[in-house]
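**Q** Here it is, the structure in full.
Computed from the coordinates by the stated procedures, all read-outs in this text should not be read as laboratory data. Being a predicted model, the structure only gives us computed values, none of them experimental. Methodologically, a virtual Cβ is constructed for each residue, glycine included, from the backbone with ideal geometry; neighbour enumeration extends over all protein chains shown.
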Amino acid sequence: MSKQIAADSRVLFHFTIKLEDGSVADSTQLHGKPARLQMGDGSLTPSFEACLLGLEEGTKSSFELGPDDAFGPVNPNNIHHMERSRFAADLELEEGAILSFTQPNGAEMPGIIRAVAGDSVTVDFNHPLAGHHVTFEVEILAVEQDGA
């Protein structure tokens, strides 16, 4: 009897996330280390989890998700213009660079430098894959149910 992914399953799987142009944004197979997931623990969005529900151990599948179901749309409120003086003087700011910013509560948050113009630096705090349609490819290696 094959094991199916249920709402309380623990899952060992490989995944690849591809962008609209077919480029790979992330993949566990590149590192040869599968991901572990406890369904419902919040580590995946509900839409990603919904794609996994019902899949059987040993199967491969592919799903296409729009921005609303994947990493969300680009939120213009998450794009900030900062003065260059807020950055270390010796820090070379390049478009596309990802920097870590400390939030008021002490948590770290990544931001992507989108533009540097004179004394103005544009920083995007959206998820790097926000606004993208993605293809989510999975290979289910093992499924365990609670109590099994």
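**Q** With θ set to phi - 60° and the Karplus curve 6.51 cos²θ - 1.76 cosθ + 1.60, what are the ³J(HN,Hα) couplings of the stretch 127-134 in order, to the nearest whole Hz, using x for Gly and Pro?
**A** Values per residue, Gly and Pro as x: 4, x, 9, 4, x, 9, 7, 10 Hz.
**Q** For the pair residue 89 and residue 50, how long in nm is the line joining their label points, each one 7 Å along Cα→Cβ?
**A** Each label point is offset 7 Å from its Cα along the Cβ direction, giving 5.4 nm.
**Q** Between residue 120 and residue 4, take the C-beta separation as r, use R0 = 41 Å, and let me know the FRET efficiency to the nearest 0.05.
**A** It comes out at approximately 0.20.
**Q** Turning to a different aspect of this structure: Residue by residue, what Karplus-based ³J(HN,Hα) values in Hz, rounded to whole numbers, does the stretch 107-120 have, using 6.51, -1.76 and 1.60 with θ = phi - 60° and x for Gly and Pro?
**A** 6, 8, 9, x, x, 9, 6, 9, 7, 10, 9, x, 8, 10
**Q** Which percent of the Cα-Cα distances in the stretch 1-88 go past 21 Å?
**A** 45
**Q** Using all C-alpha to C-alpha distances in the stretch 76-124, build P(r) with 5 Å bins and read off the rounded percent in each one.
**A** All Cα pairs, binned at 5 Å, distribute as 5, 21, 32, 28, 11, 3 percent.
**Q** Would you mind working out the magnitude of the charge dipole of the chain relative to its Cα centre, with +1 at each Lys and Arg C-beta and -1 at each Asp and Glu C-beta, to the nearest 20 Debye?
**A** 180
**Q** Once phi is turned into θ = phi - 60°, what whole-Hz ³J(HN,Hα) does the Karplus curve with 6.51, -1.76 and 1.60 give for every residue of the stretch 15-24, x standing for Gly and Pro?
**A** 9, 9, 10, 10, 8, 4, 7, x, 6, 8
**Q** Evaluate the relative contact order of the stretch 76-124 (contact order divided by residue number), counting alpha-carbon pairs under 8 angstrom at least 6 apart; express in whole percent.
**A** 43
**Q** I would also like to ask the following. Mean residue ellipticity at 222 nm from the helices of the chain, using -39,500 (n - 2.57) per DSSP H segment of n ≥ 4 over the full residue count, to the nearest 500 deg cm²/dmol?
**A** Calculated mean residue ellipticity at 222 nm is -1000 deg cm²/dmol.
**Q** Let me ask another. Gap in Å between the Cα centre of the stretch 5-50 and the Cα centre of the stretch 108-148?
**A** 13
**Q** Can you tell me, using C-alpha contacts under 8 Å and at least 6 residues apart, the relative contact order of the chain as a whole percent?
**A** 37
**Q** List the residues, sorted by chain then number, that are 5 or more residues from residue 26 or on another chain and whose placed amide H is less than 5 Å from its amide H.
**A** Those qualifying (amide H under 5 Å, at least 5 residues apart or on another chain) are 17.
**Q** Sticking with this structure for a sec: What does the highest-first list of 89-95, 136-142, 49-55 look like by mean Cβ count within 10 Å? Please report the intermediate quantities before stating the final value.
**A** Working: 89-95: 8.9, 136-142: 18.3, 49-55: 16.7.
Result, highest mean Cβ count within 10 Å first: 136-142, 49-55, 89-95.
**Q** Which whole number in µm²/s is D for the chain by Stokes-Einstein, with the Kirkwood Rh taken over Cα pairs at 4 °C and 1.567 mPa s?
**A** The Stokes-Einstein estimate is 74 µm²/s.
**Q** Separate question: Where a ≥ b ≥ c are the square roots of the eigenvalues of the C-alpha gyration tensor, would you call the stretch 1-50 rounded, which needs a/c under 1.5, or, failing that, prolate if a/b is larger than b/c, or oblate?
**A** It is prolate, given that a/c is not under 1.5 and a/b is the larger ratio.
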